[in-house]
Amino acid sequence: MKNNHLKLKNNIFHVENINLELLANKMGTPLYVYSRAAIKDSWNRYAKAILNKNCLICYGMKANSNLAILKEFSELGSGFDIVSGGELERALAIGANPQKIVFSGVGKQEWEIIYALKSGIKCFNIESEAELHKISDIASNLHITAPISIRVNPDVDAKTHPYISTGLKENKFGISIKNALNCYKTASKLPFIDIVGIDCHIGSQLTEIPPFIDALDKLIPLIKELIKNNISIKHLDIGGGLGITYKDEVIPDPKQIIDSVILKLKESNLDHLELILEPGRSLIGNCGILLTKVIYIKHSEDRNFVIVDAAMNDLLRPALYQSYHEVKPVAPRTGNAKEYDVVGPICESADWLAKNRLLNVQENDLLIIESAGAYCTTMSSNYNSRVRPAEVIVDDCKYYIIKNRENLSDILKLETTI
Ligand SMILES: *Cc1c(COP(=O)(O)O)cnc(C)c1O
């Protein structure tokens, strides 16, 4: 939604044609607001890049797994990258095609493996030798063949925040490039295992293409080794990880990455492979905002604080990764701005949403936290017994409630006293 779908009209910000002040009055705050047009725009950037190519996009749904958003992507043609049985449940609930679902994650549990096998997913992305044997045992018991790919850890530096880097050898993800061939050889001997692909995912919020190519440069010799060993694969999955503009990052277009990958595969005579991508953040991150209201303004000796009704339980990224989200007043005021930290009501010093921002705000003003489409609502919690926000999706001049705000009885209902 950055830029195009958030517009100032008569000095009030709108998402498409919905006035955010009126929306906040109706729905309350904090409130997640997504734009359907923005979702279509970001999908179309990928759709254009894969046009007439043997390529499948599997939306990395942990970025935002609201059913309405999944349904939107599914109808646009997307498959899904899931990391749990719960995410499989969500994908199936909106009628996703299991043949477009790949299952990643280092700790797949027995019930999740059974569920995925019975659902007939496209591929298990295997992250350890132990997992390979677990899946093999379960598949043999059920007499269902498990399609698998090995997630290779290529040991490349994605040059992103250490918490969202996954392709270095010290990370817990994938099987090291030097053990991968042996693991494939083991897999090829297991009767209920069908080797269908190879995959990697090197990190998130990547802002440049070279790390993707570095990973590919490590994977291609391995694929050639597999061929020499009569192990044939049908697809190459290069994971997700493309970044978005939070502040001033310049992000390459998906087409640049896809074109360079396909070129590289052609040069290596591997262009018969289906190419899979698992973008999460780059599909949804800039399609949503968090609307929040100023509760108090507080001036202390060396800092000014804007205390808002959204907090780290609603939007964890700043506390977890010191990440930057743009903040804008819904109705900008004229006059002098002051430097503020925007913080929530939670009893933690980590509970901040933005630091050192020039703002001119008063109590009850509404603020927009931008780039809140990905890894925001999905990371929300009930910390401090706060109810999680409602969510709406705007489509031109209409909005649809896609998640109701929790209420206090919701957050107490699974508990009992003894
Ligand atoms: C999180 C994740 C993704 C999506 O990552 P983005 O950075 O949001 O594109 C894709 N694949 C795997 C295996 C993941 O864990």
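Just checking, does the range 155-167 include any residue being in a strand (DSSP E or B), modelled with pLDDT under 95 and within 14 Å of the ligand (Cβ to nearest atom)? Yes - at least one qualifying residue is present in the range 155-167.
Which condition does C123 not pass, out of (1) within 20 Å of the chain's Cα centre (by Cα); (2) without any contact (Cβ under 8 Å) to a residue 40 or more places away in the chain, if it passes all the others? Checking C123 against (1) within 20 Å of the chain's Cα centre (by Cα); (2) without any contact (Cβ under 8 Å) to a residue 40 or more places away in the chain, the one that fails is (2). Just to be sure I understand, how many residues within the range 229-259 are more than 15 Å from the ligand (Cβ to nearest atom), over 21 Å from E326 (Cα atoms) and in contact with an Asp or Glu (Cβ under 9 Å, 6 or more places away or on another chain)? Total meeting the criteria: 2. In the range 343-401, of all residues being basic (K, R) and more than 21 Å from the chain's Cα centre (by Cα), the one that is surrounded by the fewest Cβ atoms within 10 Å (Cβ to Cβ) corresponds to K398.
Within the range 74-89, identify whether any single residue is surrounded by fewer than 19 Cβ atoms within 10 Å (Cβ to Cβ), assigned to a helix (DSSP H, G or I) and within 15 Å of the ligand (Cβ to nearest atom), and answer yes or no. Within the range 74-89 (the criterion being surrounded by fewer than 19 Cβ atoms within 10 Å (Cβ to Cβ), assigned to a helix (DSSP H, G or I) and within 15 Å of the ligand (Cβ to nearest atom)), the answer is yes, since at least one residue qualifies. In the range 179-192, the qualifying residues are those that are in contact (Cβ under 8 Å) with a residue 12 or more places away in the chain and either touching a Lys or Arg at 6+ places or on another chain (Cβ under 8 Å) or more than 17 Å from D237 (Cβ to Cβ) (or both), and the one that is farthest from the ligand (Cβ to nearest atom) is P191. State whether the residues of the range 125-138 include one that is in contact with a Leu (Cβ under 6 Å, 6 or more places away or on another chain), more than 15 Å from the ligand (Cβ to nearest atom) and over 29 Å from Y324 (Cβ atoms). Yes, the range 125-138 has at least one match. Can you find a residue that is among the aromatic types (F, W, Y), within 15 Å of the ligand (Cβ to nearest atom) and either within 17 Å of V196 (Cα to Cα) or outside the structural domain of I238 (by TED's automatic domain parsing) (or both) anywhere in the range 100-111? Yes, the range 100-111 has at least one match. Looking for something over 14 Å from D396 (Cβ atoms), surrounded by fewer than 20 Cβ atoms within 10 Å (Cβ to Cβ) and within 20 Å of the chain's Cα centre (by Cα) - is there at least one such residue anywhere in the range 1-19? Scanning the range 1-19 turns up at least one residue that is over 14 Å from D396 (Cβ atoms), surrounded by fewer than 20 Cβ atoms within 10 Å (Cβ to Cβ) and within 20 Å of the chain's Cα centre (by Cα). L290 meets all of the listed conditions (1) more than 18 Å from the chain's Cα centre (by Cα); (2) touching a residue at least 24 places away in the same chain (Cβ under 8 Å); (3) not assigned by TED's automatic domain parsing to the domain that holds I148 but one, namely (1). Of all the criteria given as (1) crowded, with 22+ Cβ neighbours inside 10 Å; (2) assigned by TED's automatic domain parsing to the domain that holds I258; (3) in contact (Cβ under 8 Å) with a residue 24 or more places away in the chain, the one not satisfied by P30 is (2). One residue stands out among those in the range 286-305 that are open to solvent by less than 10 Å² (accessible area, probe 1.4 Å) and either out of contact with any strand residue (DSSP E or B) (no Cβ under 7 Å at 6 or more places or on another chain) or assigned to a strand (DSSP E or B) (or both): the one that is farthest from the ligand (Cβ to nearest atom), which is V294. Across the range 367-390, not a single residue is classified as among the charged types (D, E, K, R) and touching a Pro at 6+ places or on another chain (Cβ under 6 Å).
The values are calculated or read from the model by the stated rules, or taken from the named source; none is laboratory data. Quick caveat, the model's predicted, so the values are computed rather than measured. Here the Cβ is made from the backbone with ideal geometry for all residues, glycine too, and neighbour counts use every protein chain on show. Only protein heavy atoms, including side chains, enter the accessible area calculation; ligands, DNA and RNA are left aside. Shrake-Rupley method; radii C 1.70, N 1.55, O 1.52, S 1.80 Å.
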